[in-house]
Amino acid sequence: MAASIPYEEARRRYQPGLALALRSDTTGVEQLLKDWHPDHGTNARVPLAVGVNQGEPCQPELARQLQANSLIDDIDIAGAQLVTTDVLVVGGGGGGCAAALTAAKHGANVILATKLRLGDSNTVMAEGGIQAAVGADDSPQLHFEDTLRAGHFCGEPHLVAQMVMDGPDVLRWLIQLGMMFDLDKGSPMGGTLLRKKPGGASAARIHSYRDYTGLEMMRVLREAVDLDPGIAVWNRCPTVELMSDERGRCAGAVIYNLEWRSFVMVRARSVILATGGAGRLHLNRFPTSNHYGATADGLVLAYRIGARLRELDSFQYHPTGIAHPQHLAGGLISEAARSAGAKLINGQGERFVDELKARDVVASAILRECGEGRGIERDGQLGVFLDTPTLEREQPGILEKRLVTLRHLAGKCGHDPAQEPFLVYPTLHYQNGGVAIDKDGSTNVAGLHCVGELSGGIHGRNRLMGNALLDILSMGRHAGAKAAESAGRVITGRAGIAHIHAWQRELTLAGLPLESRSPQLFPDYAHFDLRADASIRQQARGRRVAGVR
């Protein structure tokens, strides 16, 4: 990597308020991605050795998680409490809440089990907004074409079509739940929804509430779930394994209660996984914008029971993560800033990319600037400038009124965004691929549904800003309705973890070690060992029993 430009020198070259021309670039998009995007390179992929995707390319660290032994054995769940429900939802973010609310509305008894607390998810961190084609200059067809194009035409057209057609109704549903949206008070209609143009889109179709849309969305979803008598919420209860029956169906899950330090077996007619992405694995050693629980656990569990996955070598790196100070590295600076007009400036004082290109293009361009010596180095951290001072000069008051979260973030970084630009660098942001699903979130494993970032097929190999929030609500509602169809049916047959024994044989035949275990419930720096934690509980229980005797 070429030498970078010291921060002090870059600040001297940076001229706030100066309208900069975009540097001409003859490199084609495909070549830019091939040369600089982290998904490419000599060590970016390895073939899977076991499972239904055997032989297909996968990101190396994710492959290690997918090709590991289970966290539990039969002895761990011997005598565990058994609970029965119609629908088990795993994950307490927007997708899980939408699925649970819809299933309960259709008459199902629902347990929603979440690793952290209800609402602790990437949903609350989605700042930019939600896409929905409702403007006179827009249409679902344009939204459909934009989504497929941004995903390099790897998305499934029927899934994309369903999502974009759901957009207007999803907005109505959220408003009925009580969600607030920014209004365009200057429009001829007066008080209509304010629309902004996201990167990679051909029309203005982002709807937001200031720059904390996901937080506002999660507020109303969490309240609705808490008030629904048909939904039981289990906080601090990560799922450690799925359960299967003698026919190979998904028949529930084994959950570990972190407060009780004990396992609970939940027998369910339908299971909906909504566990989110993999950012906290820090793939390719990147910082991440993801919440604490995003460790690919849903992918691991679904793959082990036989669910087919797709695009396992494709991840999105958001262009504008915080680069300095180091302890905040990876924190997200919303695309709302670039949508409002903030520019990206390298260490030579140049604009080097159209800031509203698709995210993979903008992120790759930043990595190129840093790799070719035009990046900015400050205290060992590399990046480029996000020119917020010029944005404030051109639109006085925007940082205080519209980009509230950005201003708060600048305070944590120790500077005034109206006076000093952010130093930014791409951050691991989104899992483009995931479990292959159909139009109601069903997988190739009967009884198992997947929604949101865990699933694959909608966004292809790159996601448009604002499509994630639409995806989780659109597919969450479809999956909830489909899963509820099983409500009230008599549960027959036995359920357990017999599929684990077949998985262990497959690992052994492939020469893979049984000592390696997954899923990783928390990041490495959490220092949490489930097997040790459960053993402590079992020992304590034994001491209490001995004392009674």
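Of all residues in the range 434-480, those satisfying the criterion of being more than 20 Å from V164 (Cβ to Cβ) and part of a loop (DSSP other than H, G, I, E, B) are T443, N444, V445, A446, G447. Taking the numbered list (1) touching a helix residue (DSSP H, G or I) at 6+ places or on another chain (Cβ under 8 Å); (2) assigned to a loop (DSSP other than H, G, I, E, B); (3) under 25 Å from A329 (Cβ atoms); (4) at pLDDT 95 or above in turn, H429 passes all entries but (2).
Residue by residue through the range 390-405, note down the ones that are in a helix (DSSP H, G or I) and basic (K, R).
Hits for the range 390-405 are R393, K401.
Only a single item in (1) crowded, with 18+ Cβ neighbours inside 10 Å; (2) not in a loop (DSSP other than H, G, I, E, B) is not met by D226, and it is number (1). With respect to the stated conditions, G293 is open to solvent by less than 20 Å² (accessible area, probe 1.4 Å), at pLDDT 95 or above, closer than 30 Å to G321 by Cα and in contact with an Asp or Glu (Cβ under 7 Å, 6 or more places away or on another chain). Of the residues making up the range 147-186, those that are of a type in the set (D, E, K, R), in a helix (DSSP H, G or I) and either within 19 Å of S208 (Cα to Cα) or under 20 Å from the mean Cα position of the chain (by Cα) (or both) number 3. Within the range 307-337, if we keep just the residues that are touching a Phe, Trp or Tyr at 6+ places or on another chain (Cβ under 9 Å) and small (G, A, S), the residue that is nearest to A502 (Cα to Cα) turns out to be G330. When the residues of the range 259-282 are filtered to those that are over 23 Å from the mean Cα position of the chain (by Cα) and part of a loop (DSSP other than H, G, I, E, B), the one that is surrounded by the fewest Cβ atoms within 10 Å (Cβ to Cβ) is E259. The single residue among V384, V300 that is part of a helix (DSSP H, G or I) and at negative phi turns out to be V300.
When the residues of the range 1-18 are filtered to those that are open to solvent by less than 90 Å² (accessible area, probe 1.4 Å) and farther than 17 Å from D379 by Cβ, the one that is nearest to the chain's Cα centre (by Cα) is A2. Restricting the range 425-471 to residues that are of a type in the set (S, T, N, Q) and surrounded by fewer than 24 Cβ atoms within 10 Å (Cβ to Cβ) leaves a set whose member that is farthest from F385 (Cα to Cα) is N444.
Checking the range 31-51 against the condition returns a match, with at least one residue being under 24 Å from A342 (Cα atoms), open to solvent by 70 Å² or more (accessible area, probe 1.4 Å) and in contact with a Leu (Cβ under 9 Å, 6 or more places away or on another chain). Please verify whether T26 is among the hydroxyl-bearing types (S, T, Y), in contact (Cβ under 8 Å) with a residue 60 or more places away in the chain and surrounded by fewer than 20 Cβ atoms within 10 Å (Cβ to Cβ), treating the condition exactly as stated. Criteria not met by T26.
Search the range 322-379 for residues being of a type in the set (V, I, T), open to solvent by less than 10 Å² (accessible area, probe 1.4 Å) and outside any loop (DSSP other than H, G, I, E, B), and hand back the single one that is farthest from A203 (Cα to Cα). Here the residue is I376. Among the residues of the range 360-378, those identified as over 18 Å from P6 (Cα atoms) and either out of contact with any Pro (no Cβ under 6 Å at 6 or more places or on another chain) or at pLDDT below 95 (or both) are D360, V361, S364, A365. Residue pairs whose Cβ atoms lie under 9 Å apart, separated by 6 or more positions or on different chains, with the first residue in the range 108-119 and closer than 13 Å to V266 by Cα and the second among the aromatic types (F, W, Y), are I111/W234; L112/W234; A113/W234. Looking only at the range 380-407, residues that are out of contact with any strand residue (DSSP E or B) (no Cβ under 6 Å at 6 or more places or on another chain) and open to solvent by less than 30 Å² (accessible area, probe 1.4 Å) come to 9 in all. Would you say L148 is hydrophobic (A, V, I, L, M, F, W, C), open to solvent by 10 Å² or more (accessible area, probe 1.4 Å), touching a residue at least 40 places away in the same chain (Cβ under 8 Å) and under 23 Å from D440 (Cα atoms)? Against the criterion (hydrophobic (A, V, I, L, M, F, W, C), open to solvent by 10 Å² or more (accessible area, probe 1.4 Å), touching a residue at least 40 places away in the same chain (Cβ under 8 Å) and under 23 Å from D440 (Cα atoms)), L148 qualifies.
The values are calculated or read from the model by the stated rules, or taken from the named source; none is laboratory data. Since the model is a prediction, treat every value here as computed from it, not as a measurement. Reconstructed Cβ throughout: ideal geometry from the backbone, glycine too, with neighbour counts over all protein chains shown. All accessible areas refer to the heavy atoms of the entire protein, side chains included, with ligands and DNA or RNA removed. Shrake-Rupley method; radii C 1.70, N 1.55, O 1.52, S 1.80 Å.
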